[in-house]
1. Pairs only if they're at least six apart or on different chains, beta carbon under 6 angstrom, first in the stretch 678-704 and exposed (fewer than 12 other Cβ atoms within 10 Å of the Cβ), second not small (Gly, Ala, Ser); list them, first residue then second.
2. Please work out which one of (1) touching a residue at least 24 places away in the same chain (Cβ under 8 Å); (2) surrounded by 13 or more Cβ atoms within 10 Å (Cβ to Cβ); (3) over 40 Å from the mean Cα position of the chain (by Cα); (4) within 20 Å of Val702 (Cα to Cα) is the condition Tyr621 fails and give its number.
3. Looking at the structure I just gave you, is Leu748 out of contact with any Pro (no Cβ under 8 Å at 6 or more places or on another chain) and either more than 25 Å from Glu641 (Cβ to Cβ) or surrounded by 16 or more Cβ atoms within 10 Å (Cβ to Cβ) (or both)?
4. When residues of the stretch 462-482 are filtered for being surrounded by 14 or more Cβ atoms within 10 Å (Cβ to Cβ) and of a type in the set (A, V, I, L, M, F, W, C), how many remain?
5. Here's a check for you: in the stretch 560-584, which residue that is of a type outside the set (A, V, I, L, M, F, W, C) and touching a Ser or Thr at 6+ places or on another chain (Cβ under 8 Å) is farthest from Leu601 (Cα to Cα)?
6. Among the residues of the stretch 278-302 satisfying the criterion of being among the charged types (D, E, K, R) and within 27 Å of the chain's Cα centre (by Cα), which is nearest to Tyr268 (Cα to Cα)?
7. For the stretch 311-331, check the following and say yes or no: at least one residue is polar (S, T, N, Q), without any contact (Cβ under 8 Å) to a residue 40 or more places away in the chain and surrounded by fewer than 18 Cβ atoms within 10 Å (Cβ to Cβ).
Amino acid sequence: MLLSLNWLREFVPFEGTDEELADRLTMLGLEVEEVNHPFAHLENVVVGHVVECDKHPEATKLSICKVDVGEAEPLPIVCGAPNVAQGQTVAVAKIGAVLPGDFKIKKAKLRGQLSMGMICAEDEIGLGNSHAGIMVLDESLKVGTPLAEALNLDETVLDIGITPNRGDCLSVLGAAREVSMAYGLPLTLPKAELTESSEAAADAVKLVIEDKDQCPLFHARVLKGVKVGPSPAWMRYRLIAMGVRPINNLVDASNYVMFELGQPTHAYDRNLVEGDELRVRLAGKEQKFMTLDDQERDILPRDLFICDAKKPVGLAGVMGGNNSEINDESTDVILESAVFNPPTVRKTARRLALHSDASFRFERGVDQNNAGYAADRVASLMQQLAGGEVLAGRVTVEPTPWETRYLRFRLDRCNALLGVQLSAEFCKNTFEGLGCVVDDSNPADWKVEAPSHRHDFEREVDLYEEAARVYGMDRIEAVLPRVAKSLESVALKDTGFEFAKRLKAWARGIGLREVINYSFVGEEDLDAFGQPKDARVRIMNPLSEDQSVLRTTLAPSLLQNVRTNVGHGAHRLRVFECSKIFHADADSETTAREAMRLAMLVYGRRNEEQFPWPDDQSADYSDIKGLVEQLLESLGLPAAEYRLKDEHAYYLPCVEVVMDDEVIGELGRIKPEIADAYNARREVWMAEMDMDALQGWFEGLVPSFSNLAKFPPIQRDLTVSAPLTLSAGTLLDAIRSVDEPLLEQVVLLDSYEPEGENVRNLTVRMTYRHADRTLKDKEVEKRNSKILKKVLDALPVHV
């Protein structure tokens, strides 16, 4: 929000510097992000007086002038403007001035005549669009005075960052209230002086509100016999300082009051409003509508219209229509000053990417009790600038009158919460300075009436916050809270947060990089991964169509990471994400069921692209399965069973990770057609583990101890030829099932598939060890033969 220091001083007699004001507003929570000087380019532009003006001897369209700029001698200036004449008071850019467009004024010769400056037109110094001739100023202006000072331009403008809860500060009035309260200065409001005719406005226009929730208040004023033309210089220059292009006296008056009082208004050409009726209603159907910027907009049934007797004439709270706009031929005006439902305005403006100054204010809430005053203020300015008559009275429809809010305030509780000792006098003065009415007849429990412009006053603690920010957040000392931790707390079970930290530390330690994604994805993403529609949790007000639903699996987010990294030239990716997934659940208090998941993804090369690793080895099933096995081992969990699943929405193949018949995760290769849609150029392998199940197993572990081995082991390798359908896990389980107490460990060493044969060779290594003595080869051979026989009898394998 832009705030002119000159404009502010018309409300409060603040005499300090812009730096002082910026610091105070920032400490009050209205952060001043920048101090602008919109007319800094006028530094070397002064008021001049044309002493002489003669025709150029060698150019019929040029004049040779001598201009007094308050220096010892008049400046010779060659001017090409057709309206330049002797005796005029003009704007003169002296040598060294830098005008808009980086145009530098230098000493020059034009057709042989010396020119030491430039007599300026409006557009040349950024004070308008006119280039028909030079600016002719008021004769009363003192020669040599800097032009910005002479015209009382808004030389200092503060750019203030307004938080969404402080919509009341989106105006000069809102900032003036804060300055008045902070410095104890009187607040003066601008006058709304009207000369009303005998004809009643209520007889000229009819207002209808079909949905009181969408429009709690609508005021209308009617003006007749106005004359459209340019605004006076003081208004045009002020609007330029606020970053707004002046249009005409009627539209400029509306914009001026919006910045002044924070209430957007809109002027309709009454001759283009059919039936002299304005009706507020929802669009009701999809249709097209042409706005003031001559853009055709797609309107949805939920958008709010302002209509006349036959057609829409405005998109409520956002922008008017070009079918009723003020033009050069307009003579009669219907002036609107209303209050609209903020969520409706916000949704429409965001969807259409049509963020106007009006919608910015309506989205944050305007002062309902101030709308009538704003209508009178605009009407008075229109009458002052465009003449005509104002019909008597305002036409008002208010289906939902403003309800005054009352809050309690307990000083002792406020001081206990803030940790400071505020006085009752300070708090009362602060609240009254903010516009509240304070009843402190009960010193321990006050009754505070919240002003209509403070929509954020909802609870008692909001008053505490106001007292704290006015007192100064920087003055409240930071005190660390006392944290008590007993010895018994060490024995408490691991929390979900601590368990997640444990898994993240393991993943980073094993070489995976953590990714943090939004929980929002698009409907198309979940469709691509075959997720059921009835399980989705949809966002009521999504940021975009790509983030319209909560994810039911982490897979779409990780594949988006693949697409992003591949697009940046990555050939190898090892990432993980530890986050929540969401499923619709009507029985849940929040209508959504949340679950924690750990997802790991490997893509591209198995090893780094450097010596001595070959460059043609891609990650495969063994890589992703190895990560899962290492995870379980790091947690101290028993080995899991890996079962092939017949079908899966996005894995091919899909392998379930099972512990004691409980599925704790899935892993596999992302289906090629899905991976291709995310620009993957190699196989993508992924695993998703149920963190809640993992934590349950982890917390169920019972610590145990076994002595370190004292005697050496004996190892025997066994290679069998097995069908391709026989898993290595089945072979290992068969060996472990043999009742052999000396068998300490069985691991898979190698898997080889001979070319052209429908079998594969599996090599396992069996480790034998005795706790009390050294084993002999003979007894190991005997036990090894026993195991081999049972395996050959139980499985379709041969040596």
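1. If the second residue must be not small (Gly, Ala, Ser), the pairs left are Glu699/Lys493.
2. For Tyr621, the failing item is (4).
3. On the way: out of contact with any Pro (no Cβ under 8 Å at 6 or more places or on another chain): yes; either more than 25 Å from Glu641 (Cβ to Cβ) or surrounded by 16 or more Cβ atoms within 10 Å (Cβ to Cβ) (or both): no.
So Leu748 does not fit the description; no.
4. The qualifying residues number 4.
5. Of the stretch 560-584, the ones of a type outside the set (A, V, I, L, M, F, W, C) are 560-561, 563-565, 567-569, 571-572, 574, 577, 579-580, 583.
Filter once more, keeping what is touching a Ser or Thr at 6+ places or on another chain (Cβ under 8 Å): 577, 579-580, 583.
Values: Glu577: 9, Ser579: 14, Lys580: 17, His583: 22 Å.
Filtering the stretch 560-584 for residues that are of a type outside the set (A, V, I, L, M, F, W, C) and touching a Ser or Thr at 6+ places or on another chain (Cβ under 8 Å), the one farthest from Leu601 (Cα to Cα) comes out as His583.
6. Narrowing the stretch 278-302 to residues among the charged types (D, E, K, R): 279, 281, 285-286, 288, 293-294, 296-298, 302.
Next, only the ones that are within 27 Å of the chain's Cα centre (by Cα) stay: 293, 296-298, 302.
Values: Asp293: 15, Glu296: 19, Arg297: 19, Asp298: 22, Arg302: 23 Å.
Residue satisfying both the conditions and the ranking: Asp293.
7. Residues of the stretch 311-331 that are polar (S, T, N, Q), as a first pass: 322-324, 327, 330-331.
Checking the rest, the ones that are also without any contact (Cβ under 8 Å) to a residue 40 or more places away in the chain come to 322.
From the residues that got through so far, the ones that are surrounded by fewer than 18 Cβ atoms within 10 Å (Cβ to Cβ) too are 322.
So far as the stretch 311-331 goes, yes, one or more of its residues are polar (S, T, N, Q), without any contact (Cβ under 8 Å) to a residue 40 or more places away in the chain and surrounded by fewer than 18 Cβ atoms within 10 Å (Cβ to Cβ).
Residue by residue, here is whether (1) at pLDDT below 95; (2) under 23 Å from Leu559 (Cα atoms); (3) part of a loop (DSSP other than H, G, I, E, B) holds:
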site	(1), (2), (3)
Gly604	yes, yes, no
Val628	no, yes, no
Glu666	no, yes, no
Arg681	yes, yes, yes
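The values are calculated or read from the model by the stated rules, or taken from the named source; none is laboratory data. Because the structure is predicted, anything quoted here is derived from the model rather than measured. Don't worry about glycine lacking a Cβ; one is built from the backbone with ideal geometry, like all the others, and counts go over all protein chains shown.
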